[in-house]
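These notes are about the structure you will find just below.
Read-outs: derived from the displayed coordinates by stated rules, not from any lab. All values reported here derive from a predicted model rather than from experimental measurement. Note that each Cβ is placed from the backbone with ideal geometry, even for glycine, and that neighbours are counted across all protein chains shown.
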Amino acid sequence: MKVVHFVSVVDPRKCNGDRLCEGLCPAGAIKVVEKKARVDATRCVACGKCADVCREEAVTLIRRDDPMAIGFNVAAVDPAKVQELCMKASLLPDLLVCACTGTLAGEVAAAVISGARSPEDIVARTGAGSGCGIYCMGVVFKLFQAAGIRIPEDPRWNNLPLTAADVPEVVSEKYPAYYFRGRI
Amino acid sequence: MLQPAVLPPAVMPSIYGPPPRRTRPAHLPGMVSVGVTELFPEMARGFLQGEGIEAVRSATKKALADVDMRKIKPEDKVNILCSEHGFYILEGLHYREMLKALGDEVFDRTGCRNIRYVLASGMGIKETDEVIDYFDLKEYFNFRTRTTHPFDAAVAIETEIGTLYGLKKVHGNFSNRSANFLQKAIFDSPFVQEKFVFACILRSTPDGITGVNADNDLYRLDRRISKELLRDYGKVLRLVGEIDECIAVWDAGRWGYYIHAGGIAFGCLENGRYDAFDLDIPSAMGFHDTLEKYFKGEIKALDTIMNINPAIRAVVINQAWPGLPISDVPRHVPTVVVGRDQADLLNLDSTNPDFMNHAVISDTLETAMEFAHKIAGTDKVIVFDGSFGYFTVSRTMADSLMEKAGHVGRQVEEHYLPLWLKQRGLNNCDE
C-alpha cells in the first residue's frame with residue numbers, strides 16, 4: 001500500500017513540449033497535447049521523474065488536497081492461483097519486488113490474475129514501479145510472460161523478463177562462483 | 001591515539017540534498033577521530049583529501065605504461081566510461097585527476113582526439129550535470145563530456161544468457177536492471193569485446209587512495225586486486241559488524257546507504273551482522289526445487305539476511321539525499337531528521353513514501369543528537385560523513401573499536417580471508 005501525497009503539475013508557460021516527461025512516466029499519466037504536457041492527476045504516482053528530467057523546470061510536485069491510496073486486495077484472489085503463477089515464473093511469492101513500496105511478487109501475480117494487462121496497471125494497482133523504477137520491472141515482466149500476456153515493446157522498461165532462474169544450467173555450471181544455484 | 005575529529009570531505013551542493021550543513025557532527029564537542037591505520041597498523045597508508053593529487057597522475061601514467069592501446073586508431077571515437085562513485089571518494093579530486101591523466105595518455109599515445117568522458121548517474125537525472133559543473137570538468141578535461149542516466153535509451157546486447165540491455169549512449173556500462181553476472185555477461189559479449197580496450201581504476205583501501213591499476217584484461221585486473229580488497233575492506237567490515245550498540249549519523253551528499261565512514265558505507269553497518277563477503281550465506285533463488293520446498297513449508301526464505309543490524313539503536317540524518325529505498329531504517333530504528341528542509345526532501349521522495357511517517361524532526365544537529373542519546377540509551381556514536389582514513393566517533397565508540405580491532409584483524413587473516421578467497425577460486429592465485 002502506498003499513499004501518494006503529491007501530484008505533478010506542469011507550468012504551460014515553461015513547457016516546450018519535448019515529451020521527455022511523457023517518455024519516462026511509469027504510470028502513463030502524462031500526455032503531450034498541442035505541444036504542452038498534461039498530467040492526469042488520477043494516475044500520477046508522484047515518482048518525480050518528470051520533474052527531474054525536465055530541462056525547463058516546468059514540472060513541480062505539489063501536495064494533493066486528498067492523498068491517493070495505491071493498493072490491492074490480494075486476499076480477494078485465489079491463493080492457489082497466485083502460487084501457480086509464481087511457480088510458473090520461478091518466483092517466491094514473498095520476494096520483495098519493489099523496495100520502495102514493499103510490493104511482493106505475490107501481489108504482482110495477484111494483480112495479473114485479476115486483470116492487470118500493462119505495466120501501468122501494475123504501477124496503479126500495486127505501487128511497484130512508482131518509486132525508483134530500477135529493480136522491479138524485470139519481475140513484473142516475468143509474471144506477465146508466465147501468464148501468457150504479451151506486452152508491446154516500450155523503451156521505458158525494455159520488456160526484459162530475464163531472472164536468475166533463466167540462466168542455462170550449462171552457464172551456471174561454467175561459473176560456480178556466481179552461485180546461480182543458490183540455497184535457501 | 002585519539003585526536004579531535006578530523007573535518008570530513010566537503011559536501012557538493014546538489015538539488016537532490018539540502019544545502020550543505022554548516023554544523024557537522026565532527027564539530028560537536030566530544031567527537032574524536034580514530035584512524036583506520038591505528039586500528040589496523042598493517043594496512044597500507046592512503047592519500048586523504050588534499051593529499052597526493054600529483055601522485056595519482058604519475059601513478060596513472062605508470063599503470064598505463066604496460067597497457068596495449070593499439071586498438072585505438074587516430075580516427076576512432078573513444079568513450080571513457082566514468083564511475084559515478086569515483087567523484088564521491090573523498091572529495092572526488094583524485095578520481096578527476098586519474099581520468100584527466102587517462103585521457104591525456106590515450107591522446108598522446110594514439111593521436112586520437114575524439115575522446116569523450118561519459119558520466120553516468122545512479123539515480124538523479126541531473127546528477128551528472130552537477131558533477132560536471134562542480135568539478136569544472138568541461139574545462140579540466142580538454143575533451144568532451146557526455147552524460148547518461150539509468151532511464152536513457154537502451155541497446156540490446158546478445159549474451160550467453162540471452163538478450164540483455166546496456167545504455168545506448170555508452171554501449172554497455174551498466175543497464176538499469178543488473179546484477180553481478182549481468183555485467184559479466186554484457187562484458188563478455190562480442191558487442192562489448194569489439195569495443196573494449198582497457199580498464200583503469202583508482203585503488204583505495206579504507207585508509208584512502210593507494211594508487212592506480214590498469215589492464216587490457218579485466219579479469220586479470222580483478223584477480224590482481226581482489227585479495228587486497230577482501231583483506232583490507234574485510235577487516236573494517238567485520239569490525240563494524242562487531243559494534244554492539246550505536247547511534248549512526250548520516251552527514252554527506254548522496255544517499256544514506258552509500259555514505260562512508262572509515263572508507264565503508266553505512267549499508268555495511270546496516271547489514272553488518274552478516275558477512276557480506278561469504279558466498280555461502282543463504283540466498284533466495286527462485287528455482288523449482290527450492291520453491292517446492294518453500295510451498296510445502298519445509299524451508300523459510302530470507303529470514304536471516306538483509307535485516308537491519310540490531311546494534312543500530314538510533315539514526316540521525318544531518319544531511320543526505322533521498323532517492324534510494326531505505327524506509328526500513330525509520331520503520332525499525334528511531335530516526336531523527338535534522339531540519340525541515342531535509343524532511344521536505346524526504347516527504348517528496350517516492351522511493352521512501354512513508355519515511356517521514358516513522359521519523360521525527362529536530363531543528364538542529366545538537367538537539368537531534370541529544371534526543372537520539374535519550375532514545376538509544378548509548379553514547380556510542382559513529383558518523384557516516386564521507387570519511388576515508390578515519391572514523392568520526394564519540395570517545396566511547398573509539399575505545400570500543402580500538403579494543404576489538406586486533407582480534408578482528410587476526411580473525412580476518414586466519415579465518416575469513418582464506419574462506420573468501422577459496423570461494424572465489426583465488427586461494428592459489430598469485431597475480
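Key figures for this structure:
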| read-out | value |
| --- | --- |
| Counting DSSP beta bridges with both ends in chain B, the antiparallel % (nearest 5) | 45 percent |
| Per chain A, cysteines lacking a partner by the 4.7 Å Cβ criterion | A:Cys15, A:Cys25, A:Cys44, A:Cys47, A:Cys54, A:Cys86, A:Cys100, A:Cys132 |
| Derived scalar couplings ³J(HN,Hα) [the stretch A:33-43; Karplus, 6.51 cos²θ - 1.76 cosθ + 1.60; whole Hz; x for Gly, Pro] | 10, 6, 6, 10, 6, 10, 9, 8, 4, 6, 10 |
| Extreme residue, positive dipole direction of the stretch A:74-172, given options A:Pro93, A:Pro152, A:Val82 (C-beta unit charges) | A:Pro152 |
| Gyration tensor over alpha-carbon atoms, chain A, equivalent ellipsoid semi-axes in Å | 33, 19, 14 |
| Cα→Cβ-extended label distance, 7 Å offset, between A:Ile62 and B:Asn427, nm | 6.5 nm |
| Cα-based convex hull volume of the stretch B:1-70 per residue, rounded to whole Å³ | 166 Å³ |
| Point-charge dipole on Cβ atoms (K/R +1, D/E -1) for the stretch A:74-172, about Cα centre, debye to 20 | 120 debye |
| Selected from A:Ala69, A:Ala105, A:Ala165 as most flexible by GNM, with chain A as the system and alpha-carbon contacts under 10 Å | A:Ala165 |
| Computed FRET value (nearest 0.05) for B:Ala276 with A:Asp11, which takes r as the C-beta separation and R₀ as 30 Å | 0.05 |
| Farthest positive-ward along the protein assembly as shown dipole, Cα basis, beta-carbon charges - from A:Val112, A:Ala58, B:Gly30 | A:Ala58 |
| Dipole-positive endmost among A:Ser130, B:Val393, B:Pro74 within the protein assembly as shown (Cβ charges, Cα centre) | B:Pro74 |
| Cβ charges +1 (Lys, Arg) and -1 (Asp, Glu), total dipole of the stretch B:53-228, debye | 380 debye |
| Cut-off under 5 Å, modelled amide H: who pairs with B:Ser204 long-range | B:Thr210 |
| Antiparallel bridges, percent of DSSP beta bridges restricted to the stretch B:95-227 (to nearest 5) | 70 percent |
| Inter-chain Cβ neighbour average for residues A:156-163, partner chain, 10 Å | 5 |
| Residue order, fewest to most surrounding Cβ atoms within 10 angstrom, among B:Tyr134, B:Tyr219, A:Tyr178, B:Tyr16 | B:Tyr219, B:Tyr134, A:Tyr178, B:Tyr16 |
| Eligible lysines near A:Lys14 by straight Cα distance, threshold 24 Å, same-chain separation 8 or greater | A:Lys31, A:Lys35, A:Lys36, A:Lys49, B:Lys126 |
| Qualifying lysines (Cα of each under 25 Å from Cα of B:Lys235; at least 8 residues distant if same chain) | B:Lys227, B:Lys380, B:Lys404, B:Lys422 |
| Residue-by-residue Karplus 3J(HN,Hα) for the stretch A:44-60, coefficients 6.51, -1.76, 1.60, Hz, glycine and proline x | 4, 9, 6, 6, x, 5, 4, 5, 5, 7, 6, 7, 9, 6, 8, 10, 10 |
| Net charge contributed by nearby residues that have their C-beta within less than 13 Å of B:Leu28 (K/R +1, D/E -1) | -1 |
| Aspartates and glutamates with Cα under 17 Å of A:Lys2, excluding same-chain neighbours fewer than 8 positions away | A:Asp65, A:Asp66, A:Glu107, A:Glu120, A:Asp121, B:Asp328, B:Asp349, B:Asp354 |
| Gaussian network model of chain A, Cα within-10 Å springs - most flexible of A:Val59, A:Val45, A:Val167 | A:Val167 |
| Once the Cα gyration tensor of the protein assembly as shown is diagonalised, semi-axes √(5λ) in Å | 35, 31, 28 |
| Of all DSSP beta bridges in the protein assembly as shown, antiparallel share, percent nearest 5 | 60 percent |
| Sum of -39500 (n - 2.57) over DSSP H runs of 4+, divided by residues of the protein assembly as shown (222 nm, nearest 500) | -9000 deg cm²/dmol |
| Taking B:Met123, A:Met1 and counting other C-beta atoms within 10 Å, the order from fewest to most | A:Met1, B:Met123 |
| Calculated FRET value between B:Ser226 and B:Val197, using beta carbons and R₀ = 22 Å, to 0.05 | 0.50 |
| Rounded to the nearest 20 debye, dipole of chain B from Cβ charges on Lys, Arg, Asp, Glu | 740 debye |
| 0 to 90° range, to nearest 10: angle between helix A:137-146 axis and chain A longest Cα axis | 60 degrees |
| For B:Met69, B:Met31, order by how many other beta-carbon atoms lie within 10 Å, fewest first | B:Met69, B:Met31 |
| Amide H contacts under 5 Å for A:Ala46, placed H, 5+ residues apart | A:Ser8 |
| GNM result for chain B, Cα springs below 10 Å: residue of B:Ile247, B:Ile326, B:Ile264 fluctuating most strongly | B:Ile326 |
